[in-house]
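The values are calculated or read from the model by the stated rules, or taken from the named source; none is laboratory data. Nothing here was measured: the structure is a model prediction, and the numbers come from that model. For neighbour counting, all protein chains shown are included, and Cβ atoms are generated from backbone atoms with ideal geometry for every residue, glycine included. Ligands, DNA and RNA are excluded from the accessible area calculation, which covers all protein heavy atoms including side chains. Shrake-Rupley method; radii C 1.70, N 1.55, O 1.52, S 1.80 Å.
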Amino acid sequence: FSDVRICSRCIIGGFAGTDVVIVKSGRRICGTGGCLANAPLHQNKSYFEFKIQSTGVWGIGVATQKVNLNQVPMGRDTNSLVLRHDGSVYHNNEEKNRLPANSLPQEGDIVGITYDHVELNLYLNGKNMHCPASGIRGTVYPVVYVDDSAILDCQFSDFYHTAPQGFEKILFEQQIF
């Protein structure tokens, strides 16, 4: 007996907070709280994007399955490493880096994230923000949280901007039992 499981695409909502609303076939998040994507970042160099549809309180980055998806903002513990709407990057309740003051993401902007299992880097509308952050350990997933009327769309393939050299969309493991 063999059971072959192949996931066709990455979406948000693998795990979600209780007051999160996920629409557009797992591509848009609104409400209050956070959610993880349905696939962990297994490959060495991952890239994914979020488009800010409506501003408010939001955060994007990577997190383990132990993160509290009902607690916003994230980045307060060792289970998440996130860019917050104010341009700060937090992990373990410590500011790890900050976007340049004139580079805060606005409505309609695309925020790209690269992650290589050590360092997370941020891109704004295709431009490298030179804002690295690190510290999270273990198996991580893309994470997004919203509050205060924020609406974000996720792109795990068919990107708005070309992925930085060496980085690629999230790959799914194939499991054969």
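Some notes on this structure:
- Rounded to whole Hz, the Karplus (6.51, -1.76, 1.60) HN-Hα couplings of the range 148-164, x for glycine and proline: 6, 6, 5, 9, 10, 10, 9, 10, 9, 7, 6, 5, 5, 10, 5, 4, x
- Sites D148 and K127, calculated FRET efficiency, Cβ-Cβ separation with R0 30 Å, nearest 0.05: 0.70
- Converting phi to 3J(HN,Hα) with the Karplus coefficients 6.51, -1.76 and 1.60 and the offset θ = phi - 60°, the range 96-103 yields 8, 5, 8, 5, x, 4, 8, 10 Hz in sequence order, with x at every glycine or proline.
- The convex hull built on the alpha-carbon positions of the range 100-144 has an orientation-averaged projected area of 3.7 nm².
- Carbon + sulfur, % of accessible area of the range 45-94 - ligands and nucleic acids excluded, 1.4 Å: 34
- The range 42-124 - Rg and Dmax from Cα coordinates, angstrom: 12.3, 34
- Cut-off 16 Å, label 7 Å out along Cα→Cβ of F159, residues of the range 12-42 by amide N: 41-42
- Candidate aspartates and glutamates for bridging to K45, where Cα separation is under 15 Å - those fewer than 8 sequence places away on the same chain excluded: D116, E119, E168, E173
- Cα-based convex hull volume of the range 1-151 per residue, rounded to whole Å³: 116
- Cα-based radius of gyration of the range 91-177 once divided by 2.2 N^0.38 Å, which approximates compact folds: 1.21
- Model label points for H42 and R137, set 7 angstrom from Cα along the Cα-to-Cβ axis, are 2.3 nm apart.
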